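Single-structure report; data block below.
The values are calculated or read from the model by the stated rules, or taken from the named source; none is laboratory data. Note that the coordinates shown come from a computational prediction; the quantities given were computed from them, not determined experimentally. We place every Cβ from the backbone using ideal geometry, glycine too, and count neighbours over all the protein chains shown. These area figures cover heavy atoms from the full protein model, side chains too; ligands, DNA and RNA do not enter into them. Shrake-Rupley method; radii C 1.70, N 1.55, O 1.52, S 1.80 Å.
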Amino acid sequence: MISHSQSGTEIYLFDLLVEENQISISNPINITNHQGYDNQPSFHHVEPIIYYSSNNQDGRSDIKYYNYETFKTKNLTNTKEREYSPTLTPDGNFISCILQRDNGAQDLVKYPVNGGKAIILIKDILIGYHAWFNNSKLLTYVLHENNGELRFFDLNANKNTIITIAIGRSLHQIPNQDYMSYIDKSMSDNWRINKFDPKTNKSSIIASTLSFQEDMAWTQNGYILMSDGSKIYFLNPNADNGWIELKIKNDSIKLKGISRMALNIENTKLAIVVNE
C-alpha cells in the first residue's frame, strides 16, 4: 500500500542508447536533488518533461515536473492531500494519479496538464497503481487484503473486471502491441512477467523476472529493463540470451537501491529511482 511514510529517494536521468543487441546509458544527472521522497517518474509523450511524486516540507506528496531541456522544475499540484503515480493520459490533456486522503481513501483522479482542479475518475476503490490502455480503459493494481489485485476498468461502461491476484506494482502497455504487462507474483519462487489481452481478459507468460524484482520498463523495440538493486539488466523476450547487464558509460556514480524506471517514447532518456 502507498504509505504516508516514505524513504528518501532521488531520480537520475541518463542518456539512453538502444541498439540491436545492446543497451547503454551515460551522462547521469540528479534531476531532483531534494532530501526526502522523489519517486514514480513518467515521461510526457511529446514534451521533454518528466512527471514525478515528491514530498513537500510537511511530508505530503505533490506532483512535480522537470523539463530536461530547460533544466527547470515546477509543481503541477500543491494540495493538502497526497498525489502519487503521475501518468499522462493517452489524449495528452491530463495527468492521472492516485489521490490519497487523510481518512485513508484513495481515488484515481486526473489534473489538466496546464494546472487545475482534480477530476475524479474512480472512487471508493483502493487503487495503488495504474496504466492506460486507451482513453477509457486502464489496468490497475488494487489493494486488497494485503495483496495486489489486477483489475481492468472500462470507464465509459462503468465496469471493472477482476483478472487475478498476487501481482506486482509495475503495469505497462507493451509498445507497438495491443497488450499490457504486469508482474505475476503468485508463484513464490518464480515471479513472472505476464502479457494481458484487454480484448479477451486472458493472460500469458512472457518471461521470468530477475529474482524477486517487480519494477520494469519496456523499450520501443520490445526489450525489458529490470534491476537487481545495484545493476540494470535487459532481456529480449524473443531470444534465448537471458538477462544481460546494461552498460553504464563514463560511470562516475554508484547507484544503490535502484527501483522504478521509465523511458521516453524516443528511447533516448532513462529515468531511474535510487536511494539517497
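Residues that are in a loop (DSSP other than H, G, I, E, B) and either aliphatic (A, V, I, L, M) or open to solvent by 70 Å² or more (accessible area, probe 1.4 Å) (or both) within segment 252-276 comprise SER252, ILE253, LYS254, LEU255, LYS256, ILE258, ILE265, GLU266, GLU276, listed in sequence order. Which of the residues spanning segment 227-247 are open to solvent by less than 60 Å² (accessible area, probe 1.4 Å) and in a strand (DSSP E or B)? Within segment 227-247, SER227, ILE232, TYR233, PHE234, LEU235, ILE244 meet the criteria.
Checking each residue in segment 96-117 for being closer than 25 Å to HIS144 by Cα and aliphatic (A, V, I, L, M) picks out ILE98, LEU99, ALA105, LEU108, VAL109. Collect the residues in segment 158-175 that are hydrophobic (A, V, I, L, M, F, W, C) and on the phi < 0 side of the Ramachandran plot, keeping them in residue-number order. Passing the criteria: ILE162, ILE163, ILE165, ILE167, LEU171, ILE174.
From the set of residues in segment 9-48 that are over 17 Å from ALA217 (Cβ atoms) and of a type in the set (A, V, I, L, M, F, W, C), which is surrounded by the most Cβ atoms within 10 Å (Cβ to Cβ)? Among those that are over 17 Å from ALA217 (Cβ atoms) and of a type in the set (A, V, I, L, M, F, W, C), it is ILE29. What residue, among those in segment 192-226 that are more than 27 Å from LYS269 (Cβ to Cβ) and not in a strand (DSSP E or B), is most open to solvent (accessible area, probe 1.4 Å)? My answer is LYS199. Filtering segment 164-182 for residues that are open to solvent by 50 Å² or more (accessible area, probe 1.4 Å), over 28 Å from GLN220 (Cβ atoms) and part of a strand (DSSP E or B) leaves a non-empty set.
Among the conditions (1) within 25 Å of ASP15 (Cβ to Cβ); (2) among the aliphatic types (A, V, I, L, M); (3) at pLDDT 95 or above, ILE253 misses just one, which is (3).
Among the residues making up segment 134-162, those that are at pLDDT 95 or above, open to solvent by 40 Å² or more (accessible area, probe 1.4 Å) and assigned to a loop (DSSP other than H, G, I, E, B) are ASN134, ASN135, LEU155, ASN156, ALA157, ASN158. Tell me yes or no: at least one residue of segment 256-267 is more than 16 Å from the chain's Cα centre (by Cα) and over 21 Å from TYR52 (Cβ atoms). No: segment 256-267 contains no residue that is more than 16 Å from the chain's Cα centre (by Cα) and over 21 Å from TYR52 (Cβ atoms).
Just need a number here: residues in segment 18-42 that are farther than 15 Å from ASP62 by Cβ and charged (D, E, K, R). Within segment 18-42, residues that are farther than 15 Å from ASP62 by Cβ and charged (D, E, K, R) number 2.
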